[in-house]
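What follows is a short report on a single structure.
Derivation of every value follows stated rules applied to the coordinates shown; laboratory data play no part. These figures come from a predicted structure and were not determined experimentally. Here Cβ is always computed from backbone atoms with ideal geometry, including for glycine, and neighbour counts include all displayed protein chains.
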Amino acid sequence: MELYTNKEECCGCGACAAACPATAIHMVWDREGFLYPRVDQEKCIDCKRCEKVCPLKKEDRTERERLYLGVQARDDRIRHASSSGGMFPLLADYVFRRQGVVFGAAYTKDMRVLHREARNPAELERLKRTKYVQSNLRGVYRKIEAYLKKERWVLFCGTPCQVQALMLYLGQSYDKLLTADLVCYGVPSPGVWRSYVRYLERKKKGKMTDFSFRDKRNQDNGHVCSYVIDGTEYAEKLNSNLYCRMYFADDTVRPSCYNCKYCTPKRNGDLTIGDFWGLDKVKPEMDDGMGTSMVIVHTEKGRAMWEDIKEETSWFACEEEDVLQPRLVSPTLMPKGRKGFMAFYRMLPFPVFAVLFSAVLFARDVRRRIKGC
Ligand SMILES: Cc1cc2nc3c(=O)[nH]c(=O)nc-3n(C[C@H](O)[C@H](O)[C@H](O)COP(=O)(O)OP(=O)(O)OC[C@H]3O[C@@H](n4cnc5c(N)ncnc54)[C@H](O)[C@@H]3O)c2cc1C
Ligand code: SF4
Ligand code: SF4
Ligand code: SF4
């Protein structure tokens, strides 16, 4: 039993490992810093449950009427603490009011990114904000199933492949499960992230305790990133930060993301949330630089939730074509240099690699400018 033949066929959701009744699957790090399942053939009883829960092995799109919305939380403090318009904390509040539990991505003490639960607004703080690192779902599928079986409300927010994996793992619909999938550019390597965190900690001689990828201090829709090391805060432009430049050059993204089948507005969760790209064309008067959520409501459950919370927002309805940003149309393209990028990442000490990468980007910029002249 093999779960994939090439790496583009596995998004690392870990649903197969969680579902295997013989505990024959372990998630193992590869040399690019991503997790992949490995099957212990001796333990495998060939039940095929792992194939049934794999989101990349299923092709299903439900045709239905959808709502397309632009949304801003009315309370500016909510928007300030989130990456876009604050739709996620509003959804969380809806579930907390029903004594439910919320699952999302959080930093651990050593700055790894894992999905965690929050049972109240205080615990929600660490789940807020985008982390540009693939999040690990270890232990989460079973916890969610247990809560649902006890008839508790659950909100799960994650990448669309994670949401689809959860739905397949559960294998039945639950009235009290609400799922929100993100518009997803692709997830960067947790291995590269770890190397970067260690590199910064050595450089600044301290311990990193927070990293914000979408800091809104300049009211520019979060085009600043900031981090805290030993209590001191540092901030820089998103496009001059080394780690973010690696991400936006598309080199650190997981192989499956270059072949992603979720780059479409037709998804199966209850809602899709992202940034409202092109707001200046659709509703320029709302573009105050503090973030606006793009929301697609897919299901009746999603509509009921929206009716309940919409008074807490400034919002407008629009058409599908108004929300079609690149990652709702096609996947991120694999750059020609990715193989070389990953080979040098593996071979070189990270500080040397960082200098080399910066030089390559500089040369690319110069080439582009010369061509543009
Ligand atoms: C890797 C990644 C790529 C993205 N690419 C795009 C894009 O191309 N276009 C776009 O419009 N939007 C993209 N987004 C979504 C966007 O950045 C915001 O996360 C989203 O709009 C929600 O913002 P918010 O203000 O509603 O809530 P916030 O409070 O900002 O909440 C963010 C939510 O995302 C979850 N989350 C954060 N990091 C991760 C992660 N690594 N894996 C899984 N879940 C995570 C959190 O748990 C929380 O539920 C991306 C997000 C991620 C994590
Ligand atoms: S076939 Fe069944 S026992 Fe074998 S790895 Fe898959 S889930 Fe586990
Ligand atoms: S279930 Fe997830 S981790 Fe397992 S093979 Fe499929 S995509 Fe990979
Ligand atoms: S780009 Fe696609 S495959 Fe990659 S994490 Fe996002 S949803 Fe999953």
(request) Please express the Cα-Cα pair-distance distribution P(r) of the chain as a list of whole percents, one per 20 Å bin, running from 0 to the bin with the greatest distance. (result) 28, 60, 12, 0
(message) How long are the semi-axes of the equivalent ellipsoid of the range 88-140, taking √(5λ) for every eigenvalue λ of the Cα gyration tensor, in whole Å from largest down?
(response) 20, 11, 9
(message) On a full-extension model of 0.36 nm per residue, what is the gain between K52 and F362, subtracting their alpha-carbon distance, rounded to one decimal in nm?
(response) 107.0 nm
(message) Report the gain in length on full extension from E65 to R217: 0.36 nm times residue separation, minus Cα-Cα distance, nm rounded to one decimal.
(response) 50.9 nm
(request) Return, for the Cα atoms of the range 189-342, the radius of gyration and Dmax in Å, separated by a comma. (result) 18.5, 52
(request) Round to the nearest 0.05 the FRET efficiency obtained for Q99 and D288 when R0 = 35 Å and r is the Cβ-Cβ distance. (result) 0.55
(request) Using label points projected 7 Å from each Cα along Cα→Cβ, tell me how many nm separate Q172 and E320, to one decimal. (result) 3.3 nm
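Give me Rg/Rg_expected for the range 135-277, where Rg uses Cα atoms only and Rg_expected = 2.2 N^0.38 Å with N residues.
Working: Rg = 17.8 Å, N = 143, 2.2 N^0.38 = 14.5 Å.
My calculation over the Cα atoms of the range 135-277 gives 1.23.
Based on alpha-carbon positions alone, could you give the equivalent ellipsoid semi-axes of the range 3-90 from the gyration tensor, as √(5λ), descending, whole Å?
Numbers: eigenvalues 275, 66, 31 Å².
Working through the eigenvalues yields semi-axes of 37, 18, 12 Å.
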(message) How large is the Rg to Rh ratio of the range 246-329 when both quantities use alpha carbon positions and Rh follows Kirkwood?
(response) 1.01
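Can you give the FRET efficiency to the nearest 0.05 for R119 and D308, using r as the Cβ-Cβ distance and R₀ = 30 Å? Before the final figure, lay out the partial values.
Values: r = 20 Å, r/R0 = 0.66.
Taking R0 as 30 Å, the efficiency between R119 and D308 is 0.90.
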(message) I need the calculated FRET efficiency for the pair R369 and E201, taking r as the beta carbon distance and R₀ as 45 Å, to the nearest 0.05.
(response) 0.85
(message) Need the C-alpha centroid separation for the range 1-51 versus the range 308-327, integer Å.
(response) 37 Å
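Please arrange F34, F353 by counting, for each residue, the other beta carbons lying within 10 Å of its beta carbon, fewest first.
Values: F34 25, F353 19.
The fewest-first ordering by Cβ neighbours comes to F353, F34.
Using the C-alpha gyration tensor of the range 164-241, what are the square roots of 5 times its eigenvalues, in whole angstrom, with the largest one first?
Numbers: eigenvalues 218, 60, 30 Å².
Those come to 33, 17, 12 Å.
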(message) Rounded to whole Å, give me the distance from the Cα center of the range 119-159 to that of the range 162-211.
(response) 11 Å
(request) Restricting things to alpha carbons, tell me how big the range 139-205 is in terms of Rg and Dmax, in Å. (result) 16.7, 50
(request) Let me know the whole percent of all Cα-Cα pairs from the range 7-57 that are separated by more than 17 Å. (result) 30 percent
(request) Can you tell me how much longer the chain between R126 and D280 gets when fully stretched, taken as 0.36 nm per residue apart minus their C-alpha distance, in nm with one decimal? (result) 52.4 nm
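Order of I370, I229 from fewest to most other C-beta atoms within 10 Å?
Details: I370 8, I229 19.
Lowest count first: I370, I229.
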